[in-house]
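The values are calculated or read from the model by the stated rules, or taken from the named source; none is laboratory data. None of the values given here were measured: they were computed from a predicted structure. Backbone-built Cβ (ideal geometry, glycine too); neighbour counts: all protein chains shown. Accessible surface areas use protein heavy atoms only, side chains included; no ligands, DNA or RNA. Shrake-Rupley method; radii C 1.70, N 1.55, O 1.52, S 1.80 Å.
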Amino acid sequence: MAYRQNHDPYYGGQHQNAYPEYPQHAAPAVDYPPVQPAGGFAQPHPQEYDAQSAWDAKSTKSYETGYASSQAHLNPQYEMSQVSLHNAPPLPTMPYAQGNYPPHQRPGMTRDQSSAGWSTAKDKLMKRRSVRKVALQQGNLVLDMPVPSGIVPAGQEKNEEMSTMRYTAATCDPDEFMRSKYSLRPYLYGRKTELFIVMTMYNEDEILFTKTMNAVIKNIAHLCSRSKSKTWGSEGWKKVVVCVVSDGRNKVNKRTLQVLTLMGCYQEGIAKDSVAGKDVTAHIFEYTSNVVVTETGEVSQGGCPVQIIFCLKEQNKKKLNSHRWFFNAFGPLIQPNVCVLLDVGTKPTGTSIYELWKCFDKHANVGGACGEICVDTGRGCSLILKSPLAASQNFEYKMSNILDKPLESVFGYISVLPGAFSAYRYKALQNGPDGKGPLASYFKGEDLHGGGADGAGLFERNMYLAEDRILCFEIVTKKREGWVLKYVKSAKAATDCPTSVPEFISQRRRWLNGSMFASIHATIFWFRIWTSGQNFFRKCWLQIEFIYNAVQLFFSWTSLANFYLAFFFLVSSATSDSSDAFNFLSKGAGADVFEVFLKLYIALLFVVLVCSLGNRPQGSKWTYSVCMVLFGICNVITLWCAGYTVYMAVPHSVSGWEHIGSLIENNKAFREIVISLVATYGLYFIASFMHFEPWHMFTSFIQYMFLLPSYVNILMMYAMCNLHDVTWGTKGDNGSSKDLGGAKKIKDDAGNEMMELELPSAREDVDQLWAASRSALRYKPAEEKEHRDAATKQSDHDRNSRTNVVLAWVGTNMLMIVVFTSEAFLTWVNEHIETTADSTFNPYLTFLFFALAGLSAIRFFGSAMYLLLRLIGH
């Protein structure tokens, strides 16, 4: 208990005085009649789990552990009370796990029949449930349910940690979890947790989930394989807890639940939506699993056990609320040393989590760290070869990891540790005695965006769209504590990137708005670094970084103008004389090309502005796509003119290069353009080769350059035009679905409070549903395209129609202005229309004057006819 006394923030004096009876007994266990195992490990498929890929290069071999011959180290005060609820004779085993099940079916029928098999098994389990009376655990509903017999390791049938799944129905807010006397197994076992890993998900499918979960399991196996480590070793899995938080019971992917069922971390028919009249806020399932599941339902035994907490939130309250369950509900009980944050869909390499942990272990002043996040390019880089959008993001990610993150790591302050893959020291996250601190600031955004904070301005609400940036700033500037943030290049993780234009624009809207205002916030409060616990030299070093960030912020704010001015001056200088850059088209064609593309650039800015003010990207994806292509062509013209200017400025003979010093000194155009290009694109190549990662320069550089104007003009324009939108793009639930049934509080004959609820009554039903889940995953469901609901579709149509009318109206008028003020038209007038010596004649002006005179004459004629008709009596 010494560790808990020293680290538990809820501990007051003697722990027993805070909660005299908390917790003294285990949850009531529910026994099923014994049946023979369904053969869960009869046909292991380790080759499915150990398949090598580009991201598994650093994975380690599995190891043999001795956990199978040892019992869990239980808290002496923790006892399992076995309550037999069913004494029926054993039932025959269902043949789901046999190799010939399900039988071969016609191609068109496989998916439907597998789904029907799972639904049938679930319906059978639900119908055969019976009403049971269960004792309360500290006034809460907590159950220990036997897991499917096929996943219990040999020799562990009597070890409750690996033979039963613990279910807790939480009816409180995350901040009140420990005060409401809820508990978790690692706390009850008295284990010291070194790593607490959270995987947040919304509606990700089984493919993304297994990709992340299996990578985490492989990392834990690597920790256990480090037999010479003082911290890790064969029993290292007891120091790691994996927490999966799903945002909304009605949003979670059903096939992902089937994967969790196969792992023993979820069971149908147990969860309740109310307990004693209180609505359940989260369903918490705990199990130490030895199972590795692939996306196709192949089951094999893992290299080590994994302590898993699956928190299924009843309502969809977004990612920040999921992290609040992790940090504020489970953290005070688990008391970890290091917390690792992962998004489902992110795949760390086999040693990445260890590399992050080692950074904290070696440097006591590290409060947070992140690894290198790269785009999952697919097999053989297939994604970046067929998707220019993915390739451009791959280049952007790589250059950020080569240039930006190392620079910030040297200073000690990384502006953002990506939530998809990062780690924090739990101690550094804690608030101060006044309740203010990193976590308080981090979760402030949940109130702002949930409507719980009155008077919050648009600036503040946008700032908290980048809550991870706020968290980093708060850690480094925490009073009287000298925390720094580090970048760990050896910790790598692959993640999916948007491959469609609407999804890409929507994602960057949140990123750009949040990062812009969070950077302004950090710049304004730069002086807080001088009240932190950093040493004097570190404070000076950080002060330099804040000045650098302020300059970067200025150029980000003026990026739209800077990009246009660069285009204007480069193209105009290359087309200003007779030997222009487009003489290969025709003599003097450069002036016409410059005029056309200059006005095209302005027109594109106007189109993007109009679309950004009123349209969702999903409703104007073709408009945005066309604008991206045209902006890319404008950039091609710009780069061609820049290259031509340099070519014309340099000597065209070997002897001319003998005096390169005087050439740079005297030739201003050569000096400025070459220095600018070499300082940007040249450094890209040099830095990439320095880090031994040059491949993105050959596979993604061209795509990035083509789409670079869109990053500035389209993404920034859309973000600034939608500052009022402070959502993450998902709608939260206002209520919970009452479809699980409730637990009713009653009293037994002795007057003790009990819970009356329906529970599965036959072990065979649980085994059958487990096997049916395995079979269902073998067949991929038909891909369902995302369809907008009728109201959204109509709204998008109306907005798009409005935008088209505005563009047609303004576009027609602008076209007339462009045509009749163009050099081509004026030249034609000078050559074909007679002019007088005392005036400049313009035929359009004449047309306009005579047209107005004619229209006025017609109006006058109508008025005169009206008076005439009145005079003659009509």
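A simple rule links phi to the HN-Hα coupling: the Karplus curve 6.51 cos²θ - 1.76 cosθ + 1.60 with θ = phi - 60°, which for segment 690-707 gives 4, 8, 6, 9, x, 5, 5, 5, 9, 9, 10, 5, 5, 4, 5, 5, 5, 9 Hz, with x for Gly and Pro.
The calculated FRET efficiency for ARG671 paired with ASP796, based on their beta-carbon distance and R0 = 51 Å, is about 0.50. Along segment 533-550 the Karplus relation, 6.51 cos²θ - 1.76 cosθ + 1.60 evaluated at θ = phi - 60°, assigns HN-Hα couplings of x, 5, 6, 4, 5, 5, 4, 5, 4, 5, 4, 4, 5, 5, 5, 4, 5, 5 Hz to successive residues, with x for each Gly and Pro.
Averaged over residues, the count of other Cβ atoms within 10 Å places the peptides 764-774, 689-699, 457-467 in the sequence 764-774, 457-467, 689-699, highest first. Placing TRP237, TRP640 in order of accessible area, with the largest value first and a 1.4 Å probe, yields TRP640, TRP237. Counted by Cβ distance under 12 Å from LEU598, the other residues give a net charge of -2, where Lys and Arg count +1 and Asp and Glu count -1.
Were the residues from PHE861 through VAL819 laid out at 0.36 nm apart, the gain over their Cα-Cα distance would be 11.7 nm.
Each Lys or Arg adds one and each Asp or Glu subtracts one; over the other residues with Cβ under 10 Å from the Cβ of GLU206, this totals +1.
At a probe radius of 1.4 angstrom, the accessible area of segment 360-405 per residue rounds to 38 square angstrom. Peptides 281-287, 816-822, 594-600, ordered by how many other C-beta atoms sit within 10 Å of their residues on average, highest first, read 281-287, 594-600, 816-822.
Placing +1 on the Cβ of every Lys and Arg and -1 on the Cβ of every Asp and Glu, with nothing else charged, gives segment 352-492 a dipole about its Cα centre of roughly 500 debye.
Ordering CYS172, ALA135, GLY150 by the projection of their Cα atoms onto the charge dipole of segment 116-177, which places +1 on the Cβ of Lys and Arg and -1 on the Cβ of Asp and Glu, puts GLY150 at the extreme positive end. Computed as a quarter of the hull surface, the mean projected area of the alpha carbon convex hull for segment 486-644 stands at 14.1 nm².
Multiplying the residue separation of LYS386 and SER625 by 0.36 nm and removing their Cα-Cα distance gives an extension gain of 84.4 nm. Just check segment 105-250 against the gyration tensor rule for me: Cα atoms, a ≥ b ≥ c as the square roots of the eigenvalues, rounded for a/c under 1.5, and otherwise prolate or oblate depending on whether a/b exceeds b/c. In terms of gyration-tensor shape, oblate. With R₀ fixed at 51 Å, the C-beta to C-beta distance from ARG179 to PHE537 puts the FRET efficiency at about 0.75.
The listed residues VAL805, VAL571, VAL610, VAL678, once ranked by accessible area (1.4 Å probe) with the largest placed first, stand as VAL805, VAL678, VAL610, VAL571.
Full extension of the segment from ARG870 to LEU565, taken as 0.36 nm per residue of separation minus the current Cα-Cα distance, would add 103.4 nm.
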